[in-house]
There are 2 protein chains.
Amino acid sequence: MKKFEEKTIHSERLYEGKVINLKVDDVSLPNGKQSKRELIEHPGAVAIIAVTDEQKIVMVEQYRKALERSLVEIPAGKLEPGEAPETTAMRELEEETGYSAEKLEKLISFSTSPGFADEVVHLFLAVGLHKAVNGAVTDDDEFVELMEVTIADAEEMIRSERIYDAKTAFAVQWVKNYLSDKN
Amino acid sequence: MKKFEEKTIHSERLYEGKVINLKVDDVSLPNGKQSKRELIEHPGAVAIIAVTDEQKIVMVEQYRKALERSLVEIPAGKLEPGEAPETTAMRELEEETGYSAEKLEKLISFSTSPGFADEVVHLFLAVGLHKAVNGAVTDDDEFVELMEVTIADAEEMIRSERIYDAKTAFAVQWVKNYLSDKN
């Protein structure tokens, strides 16, 4: 998986932040020419497709400063250093939604923005949900509103762009197939 | 769609690049506290689900420096300033694959990394494909290998992680539903 490899000639990290770093690499291309690549380093994340016994998807609404609007998304959170994605997924599900899951199953991992970022999202299915705590217990600077959404409502939210991110669009399609296979 | 709005107190652009910018915003949270947001500005992109008359998906393999590996993806490209996404989609399809499409239909737009980037991908369906030029005509620093993939092969590539990005994972699922509704 190194086809058309771009070899690093020089790499400079221009910013080290709390969540992301920025580096600019000079690379040599397969034709021998050189180019620059502007790259974001991100710790990676988990996202959880949590389906209730009533076949609703657990979602959270939150403000996304990058887009200057709030989005309805499946629960997600950044990986902590050294933490297994399964552990992060269980923790984030409980923190953001108050639910714990009897069964957590890894579905897929994917890069979100391969053109400029190394962020990978590990996607899990959580079923057998029960309320672990009374409501969500989020971080100090995190404000989320919990909701449980039918497939039909989720599809309407995609049309109206209240749902507007790749992982949640993928998740809604995935659950629709999952439930129609199951029923 | 301003629920839990985070108001900007101060914004500083720390890097202006060829493709992305980095800014750090000080924000005031709904509880009156303050926090920092590290944000990437990106011009946005299009991606094209191009389905051949033989019901194969047109894909390209290319090296992604951010991940230090090559990925198999649906064709995609950045928006040029002032260009309508439909125009970019037609152009990128022809440049990356040599195909032009009789019919181009907008499917969905989604944010790729709402936690830190404003990048939005506009996804199109292209059908009625015919070879416009003999092979791909890519930019000087772009190296891609063209392939046409059945749904079964695409699903196997997702399992083996040769396909490893959100827009292409979404696309494969979408085409599977599209073809099964059609047939």
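The values are calculated or read from the model by the stated rules, or taken from the named source; none is laboratory data. Worth saying up front: this structure is predicted, and the values here are computed from it rather than measured. Methodologically, a virtual Cβ is constructed for each residue, glycine included, from the backbone with ideal geometry; neighbour enumeration extends over all protein chains shown.
Total residues in the range A:1-54 satisfying the condition of being of a type in the set (Asp, Glu) and free of Cβ contacts under 8 Å to residues at least 60 places away in the same chain: the figure is 6.
If you go through the range B:25-65 and keep only what is surrounded by fewer than 19 Cβ atoms within 10 Å (Cβ to Cβ) and part of a loop (DSSP other than H, G, I, E, B), you end up with B:Leu29, B:Pro30, B:Asn31, B:Gly32, B:Lys33, B:Pro43, B:Gly44, B:Thr52, B:Asp53, B:Glu54, B:Gln55, B:Lys56. The C-beta contact set for the range B:159-183 (first residue over 18 Å from A:Lys167 (Cβ atoms), second residue buried (at least 19 other Cβ atoms within 10 Å of the Cβ), distance under 7 angstrom, 6+ apart or interchain) comprises B:Arg162/B:Val72; B:Val175/B:Ile49; B:Val175/B:Val51; B:Val175/B:Ile57. The number of residues in the range A:99-140 that are modelled with pLDDT of 95 or more, small (Gly, Ala, Ser) and not in a strand (DSSP E or B) comes to 2. Screening the range A:141-158 for residues that are surrounded by fewer than 18 Cβ atoms within 10 Å (Cβ to Cβ) and in a loop (DSSP other than H, G, I, E, B) and picking the one that is nearest to the other protein chains (Cβ to nearest Cβ) gives A:Asp141. Mind telling me which of the residues A:Pro75, A:Pro85 ends up being under 12 Å from the mean Cα position of the chain (by Cα), more than 21 Å from B:Ser111 (Cα to Cα) and at pLDDT 95 or above? None of the other options fit; the residue is A:Pro85.
Kindly provide the set of residues from the range B:159-183 that are small (Gly, Ala, Ser) and at the interface with chain A (Cβ under 7 Å from one of its Cβ atoms), ordered by number. Residues satisfying the conditions are B:Ala166, B:Ala169.
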